[in-house]
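Since the structure comes first, as structure tokens, the remarks are kept for the end.
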């Protein structure tokens, strides 16, 4: 089991310097990675929690220049809102600068008004996302890029530099059947959010039947101070948390591991960086050390 941490690159409480300090602690404490969240422009009624947000790839470049070991990932870029060739270029540059430490989580998106502000196609976002991933893989791997799709057309083109390892892992965000199908067709991993263990087990089993080498991961609200109940996320999906005592948390993580989980990304958030750091150290000493 590997562990990542979801950075608080959103909201107005944590400063850029504190993001570096938090990442330093993650590197020292045994986390494998840190992850940044994406939104570009939100409607005023959705100010919380993503109305103020540091762009993820820029944030990760800032952190990768400081940390030498941590992988850096997006959880998740809303890919259909962005030009995939530009995202591929930014990600390849970050991969070269970080010496191959990038993982890209992609999601189809849920905030229809955000798509509208960006003149992006909400109704066809799934098809656009699928084609975007195929195009990005071609850009990263092919010496001369030839791509003819429904939305994107590239002929006799060069795309350099390539990623350090000739590719960048793509994890597909989303909890439902469409996301699972997308993993099987285009992805290198599955990255649901707050999915209960039964739902995770069902999805993991389906993916393993079709694509044995896909990474099985999860992003999970995590609380080392008190037990939390299930909740409804900002996108109106029901979600669970992993929380409570060290024994309770290990029991929950073990249940997901038994369902196939390989990579746990903990979202531990407080208004004060000092509280986040304290909880990260506690999580590392009581949980991560159990799986070393």
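The values are calculated or read from the model by the stated rules, or taken from the named source; none is laboratory data. Given the structure is predicted, the values throughout are model-derived calculations rather than measurements. Cβ: placed from backbone, ideal geometry, glycine included. Neighbour counts: every protein chain shown.
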>> For the stretch 199-215, give me each residue that is assigned to a helix (DSSP H, G or I) and free of Cβ contacts under 8 Å to residues at least 60 places away in the same chain.
In response: 199, 201, 202, 203, 204, 205, 206, 207, 208, 209, 210
> In the list 243, 290, which residue meets the criterion of being touching a residue at least 40 places away in the same chain (Cβ under 8 Å), surrounded by fewer than 21 Cβ atoms within 10 Å (Cβ to Cβ) and farther than 27 Å from residue 168 by Cβ?
Replying inline: 290
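Among the listed residues 27, 48, 18, which satisfies the condition of being out of contact with any helix residue (DSSP H, G or I) (no Cβ under 9 Å at 6 or more places or on another chain), modelled with pLDDT of 95 or more and farther than 24 Å from residue 134 by Cα? Steps first, please.
Details: 48 fails: modelled with pLDDT of 95 or more; 18 fails: out of contact with any helix residue (DSSP H, G or I) (no Cβ under 9 Å at 6 or more places or on another chain).
The unique qualifying residue is 27.
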>> Residue pairs, Cβ under 8 Å, 6 or more apart or interchain, first in the stretch 258-283 and at positive phi and surrounded by 16 or more Cβ atoms within 10 Å (Cβ to Cβ), second at pLDDT below 95 and not in a loop (DSSP other than H, G, I, E, B). List them.
In response: none
> Any idea how many residues of the stretch 5-25 are under 14 Å from residue 269 (Cβ atoms) and either assigned to a loop (DSSP other than H, G, I, E, B) or under 20 Å from the mean Cα position of the chain (by Cα) (or both)?
Replying inline: 12
>> Tell me yes or no: at least one residue of the stretch 121-136 is in a strand (DSSP E or B) and touching a helix residue (DSSP H, G or I) at 6+ places or on another chain (Cβ under 9 Å).
In response: no
> Counting just the residues of the stretch 79-93 that are crowded, with 21+ Cβ neighbours inside 10 Å and either under 9 Å from residue 132 (Cα atoms) or modelled with pLDDT under 95 (or both), which one comes out nearest to the chain's Cα centre (by Cα)?
Replying inline: 79
> So which residues in the stretch 174-197 are touching a residue at least 40 places away in the same chain (Cβ under 8 Å) and under 15 Å from residue 238 (Cα atoms), if there are any at all?
Replying inline: 174, 175, 193, 194, 195, 196, 197
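Going by the conditions given, is residue 65 surrounded by 15 or more Cβ atoms within 10 Å (Cβ to Cβ) and in contact (Cβ under 8 Å) with a residue 24 or more places away in the chain?
Values: surrounded by 15 or more Cβ atoms within 10 Å (Cβ to Cβ): no; in contact (Cβ under 8 Å) with a residue 24 or more places away in the chain: yes.
For residue 65, the condition - surrounded by 15 or more Cβ atoms within 10 Å (Cβ to Cβ) and in contact (Cβ under 8 Å) with a residue 24 or more places away in the chain - is not met.
Only one of 212, 236 is surrounded by fewer than 17 Cβ atoms within 10 Å (Cβ to Cβ), within 19 Å of residue 109 (Cβ to Cβ) and modelled with pLDDT under 95. Can you tell me which?
236
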> Taking the stretch 79-120 on its own, how many of its residues are in a loop (DSSP other than H, G, I, E, B) and closer than 25 Å to residue 164 by Cα?
Replying inline: 6
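Could you tell me whether the stretch 26-35 includes any residue that is closer than 30 Å to residue 151 by Cα, in a helix (DSSP H, G or I) and within 19 Å of the chain's Cα centre (by Cα)?
Scanning the stretch 26-35, I find no residue that is closer than 30 Å to residue 151 by Cα, in a helix (DSSP H, G or I) and within 19 Å of the chain's Cα centre (by Cα), so the answer is no.
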>> Quick check on my filter: what residues within the stretch 147-169 are free of Cβ contacts under 8 Å to residues at least 24 places away in the same chain, farther than 14 Å from residue 88 by Cα and assigned to a loop (DSSP other than H, G, I, E, B)?
In response: 149, 150
